[in-house]
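Engineer: Please see the structure below; I have some questions.
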Amino acid sequence: MSSPTQSFNDGVVNIYSVGNIAPPGNKPKEGLTLKVGSLRYEERTVGMGRFWSAMQAKARIDLILRVPQLRNVSAQDVAIPVDGKQYEIKQIQYPPDVDPPVMDLSLERIEAAYDLA
């Protein structure tokens, strides 16, 4: 039995790290620095089980994106898909038996957006 082939036709997401973006010598300012650019994705459905489990943990999952697997993306990063909104990565899952290898990013929308470097 072969693995299902994954397509990424829904858009492009950029992944950013959060850190100090102030010039040296200035007051520190938290902002976003590009970590991975132009990563294609497929938007997944936020199921009822995942939605309510997140609510019980005092979190909110607004969006799930399936992207090609990269091991340098972490749950401390921020994703900005084609809608231009900023989302905190709350969880990363690595589904087995998908070709090419993928990861699912569970995202929570950020209310107060970071500045971009």
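The values are calculated or read from the model by the stated rules, or taken from the named source; none is laboratory data. As the structure is a computational prediction, the values presented were derived from the model and not from experiment. For neighbour counting, all protein chains shown are included, and Cβ atoms are generated from backbone atoms with ideal geometry for every residue, glycine included. These accessible areas exclude ligands, DNA and RNA; they are computed on the full protein's heavy atoms, side chains included. Shrake-Rupley method; radii C 1.70, N 1.55, O 1.52, S 1.80 Å.
Engineer: Keeping every protein chain present and rolling a 1.4 Å probe, give me the accessible area per residue for the chain in Å². Walk me through the intermediate numbers first.
Structural biologist: Working: 7110 Å² over 117 residues.
I get 61 Å² per residue for this part.
Engineer: Give me the percent of the accessible area of the range 54-113 that comes from carbon and sulfur atoms, probe 1.4 Å, all protein chains in place. Before the final figure, lay out the partial values.
Structural biologist: On the way: 1490 of 3120 Å².
Result for the range 54-113: 48 percent of the exposed heavy-atom area is carbon or sulfur.
Engineer: Here's another thing I want to ask about it. Name the residue, out of LYS27, LYS85, LYS35, whose mean-square fluctuation peaks in a Gaussian network model built on the chain with Cα pairs under 10 Å.
Structural biologist: LYS27
Engineer: Based on the Cβ-Cβ distance from GLU108 to LEU70, what FRET efficiency comes out when R0 is 25 Å, to the nearest 0.05? Please list the in-between numbers first.
Structural biologist: Numbers: r = 20 Å, r/R0 = 0.80.
Using R0 = 25 Å, I get an efficiency of 0.80.
Engineer: If you don't mind, another one. In whole percent, how big is the carbon plus sulfur part of the accessible area of the range 3-45, probe 1.4 Å, protein atoms only? Please report the intermediate quantities before stating the final value.
Structural biologist: On the way: 1250 of 2720 Å².
Answer for the range 3-45 is 46 percent, counting heavy atoms of protein chains only.
Engineer: Next up: Can you give the helix-only mean residue ellipticity at 222 nm for the chain, where every DSSP H stretch with n ≥ 4 adds -39500 (n - 2.57) and the sum goes over all residues, rounded to the nearest 500 deg cm²/dmol?
Structural biologist: Values: 1 runs with 9 residues, N = 117.
After summing the helix terms and dividing by the residues of the chain, the value is -2000 deg cm²/dmol.
Engineer: Of PRO24, GLN6, VAL82, which is farthest towards the positive pole of the chain's charge dipole, taken about the Cα centre with +1 and -1 on the beta-carbons of Lys, Arg and Asp, Glu respectively?
Structural biologist: PRO24
Engineer: Then there is this: From the protein chains alone at 1.4 Å, what is the descending order of accessible area for GLU42, GLU111, GLU30, largest first?
Structural biologist: Values: GLU42 40, GLU111 140, GLU30 120 Å².
Output order, biggest surface exposure first: GLU111, GLU30, GLU42.
Engineer: May I pose another question? List the aspartates and glutamates whose alpha-carbon lies under 20 Å from that of LYS35, not counting same-chain residues fewer than 8 positions away?
Structural biologist: ASP77, ASP83, GLU88, ASP104, GLU108, ASP115
Engineer: When the Kirkwood radius is taken over all Cα pairs of the chain, what Stokes-Einstein diffusion coefficient follows at 20 °C and 1.002 mPa s, in µm²/s? Spell out each step's value before the answer.
Structural biologist: Working: Rh = 15.2 Å.
Answer, rounded: 141 µm²/s.
Engineer: Only four residue types carry charge here, +1 at the Cβ of Lys and Arg and -1 at the Cβ of Asp and Glu. Report the dipole size of the chain about the Cα centre in Debye, rounded to the nearest 20.
Structural biologist: 280 debye
Engineer: By how many nm would the segment from VAL46 to ASP115 lengthen if fully extended, with 0.36 nm per residue of separation less the alpha-carbon distance? Don't skip to the answer; put the middle values down first.
Structural biologist: Working: separation 69, 0.36 × 69 = 24.84 nm, distance 2.77 nm.
Using 0.36 nm per residue and subtracting the Cα-Cα distance, I get 22.1 nm.
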